[in-house]
Amino acid sequence: MGLRWEWLVSLVIVLVIASFAVAKPPQRSSSQPSKPAAASKTELQKKLATVQKQIRQARAEIRQIRKRERAITADLLATEQELDVTRKRLHTVRARLNTVRSLQRKTAARLKELEQRLQQRQQLLARRVRVAYQQGNASTVRVLLGSRDVHDLISRSYVLGRIARADSRLVLAIRQDKEEVAQAKAQLDKQAQEIAQLEAELAQQTYRLYQQTEVKREILQDIARDRQLKEQALDEWEEESRQIAAMLRAMEQTPRGQARLARPFRGGFIRPVNGPIVSGFGMRFHPILKVNRMHNGVDIAAPYGTPIKAAADGEVIFAGYRRGYGNTVIIDHGGGVATLYAHCSALAVGEGATVKQGQVIGYVGATGLATGPHLHFEVRRNGEPVNPL
C-alpha cells in the first residue's frame, strides 16, 4: 500500500505542476500581479501538505495495528501450544483414571466374593457350634465309641481335631484376605479420587485455554477487519476528494465553466437542513475509519427522508452515486464556489438543472460511508473545501 500512496502523491504533484504549466492566465496588466492564481496555488499546496500529513498518520496507525496483530498472534500461538500440552495431559490422566477405576471394580468384586465366603464359613461354624451345644459331647463320644479298635479311635480323634483346626485356619485366612483387599480398595478409592480431581482441574484449564484462544482469534479478526477498513476506506475517501477537486477544475477550463467562474458569487448560504451540527470542519477522529483525518465539510443530523434544500442559486453539475459519499449532489454557484450534499437517500434533481435557493434537491439518508442518517455538507472554492460556517 505504501508504493500506491507514494504513486498517488507523485501523481497529484505532477498534475498540480502540469495544470500551472498549461493553464492560460487571464489578460492582465504587467504591473498587476495575479493574486487569485497565487492564492489558488497556495491552497493547493496546503491541501497537498494536509493530504501527505494524513497519509503519514494513516501509515503510522496501520503500522501500530500490524504491530498489535503480531503481538496477539504470538500470544495466540503460545496459548495454543499450552492448550495442546494440557489436552495431552488430560488424555493421559483420563486413561490412568480409567485403569484405576477398572481395578476398583475388580477389587470390589473380589472383596464381595471374600465377604460371601467368610459369611458362608462363619455360618457353617455357627451351625456346628449350635449342634455341639445342643447335643453336648454326645455326638463326639458316639463317633469315638464307634471306633473298631484303639487305632481307629486315635484316627477318628485326630480327624476331628484336624477338621476343627482347618476350619479355624480357613476363617482366619479369609479374614486376612478380606482385610488386605479392603486396604487395597481404600487405596484405589483414594487414588481414584485424586486422579478425578486432577482430571477436573485439567478439564477446567483446557476449557479456559480454549476460551482464550477463541477470544484472541476474534480479536485478531476484528483487528484485521479494522486494518483493512482503514486501508480501503481511507484510500477511497482521499480518491473521492481528489476526483471532485479535479472534476471542478476540469469544468472550470471549459467555456461554460469559465463563464461560471467569471460570474461572481453573490449572496450567502442558507442551511440545507435544520438540525444540530454533529461533526464540524477540520481534523477529527473518523467514527468508522478510526483514524484522525481531515473532515472536508460539516455533518448535520436530521431524520431519514428530511428534504435537503439548495444552499444558494446555482447549476447542478453532478447528481449521482460516489463511493464514500453515497448519493451526492454538487451545485456550482459561480465565482468558483460550489456546494456538495452527500449521503442522500434519494435525489430530486439531475445534472444540468438550474436550482433556486431553498429548492429541494434530495432527501437525508445514510448511503455511502455513514454511521446513520445525516447530511454531509461541503463548500468548495476553486475545487478546494473550505469551512461552510
- Task: List the number of the failed condition for GLN359; all other conditions in (1) within 45 Å of the chain's Cα centre (by Cα); (2) at pLDDT 95 or above hold.
- Result: (1)
- Message: Given the criteria on the phi < 0 side of the Ramachandran plot and at pLDDT below 80, does LEU188 qualify?
- Response: yes
- Query: Looking at ALA311, ALA319, which is the one that is surrounded by 20 or more Cβ atoms within 10 Å (Cβ to Cβ), over 15 Å from ILE270 (Cα atoms) and in contact with a strand residue (DSSP E or B) (Cβ under 6 Å, 6 or more places away or on another chain)?
  - Reply: ALA319
- Task: Name the strands (runs of 3 or more DSSP E) wholly inside the stretch 324-389 in which the number of residues that are within 14 Å of PRO272 (Cα to Cα) is 3 or more.
- Result: 326-334, 337-347, 360-364, 374-381
- Message: Being assigned to a helix (DSSP H, G or I), buried (at least 16 other Cβ atoms within 10 Å of the Cβ) and either aromatic (Phe, Trp, Tyr) or assigned by the TED database to the domain that holds ALA200 (or both): is that true of THR86 here?
- Response: yes
- Task: Evaluate the stretch 282-292: report whether one residue or more is among the charged types (D, E, K, R) and modelled with pLDDT of 90 or more.
- Result: no
- Query: Name the residues in the stretch 337-367 that are of a type outside the set (A, V, I, L, M) and touching an Asp or Glu at 6+ places or on another chain (Cβ under 6 Å), would you?
  - Reply: THR354, LYS356, GLN357
- Note on the structure: Listed by first then second residue, the pairs whose first member lies in the stretch 91-118 and is more than 25 Å from GLN176 (Cβ to Cβ) and surrounded by fewer than 16 Cβ atoms within 10 Å (Cβ to Cβ), whose partner is of a type in the set (Val, Ile, Thr) and at pLDDT below 80, with beta carbons under 7 Å and at least 6 positions apart or on separate chains, are ARG96/ILE195
- Just one of GLN64, GLN45 is modelled with pLDDT under 85, part of a helix (DSSP H, G or I) and under 22 Å from the mean Cα position of the chain (by Cα); which is it? GLN64
- Considering (1) closer than 27 Å to GLN120 by Cβ; (2) at pLDDT 70 or above, say which one LEU160 fails and leave the rest. (2)
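The values are calculated or read from the model by the stated rules, or taken from the named source; none is laboratory data. In this text, all values refer to a predicted model and were calculated from it rather than measured experimentally. Here Cβ is always computed from backbone atoms with ideal geometry, including for glycine, and neighbour counts include all displayed protein chains.
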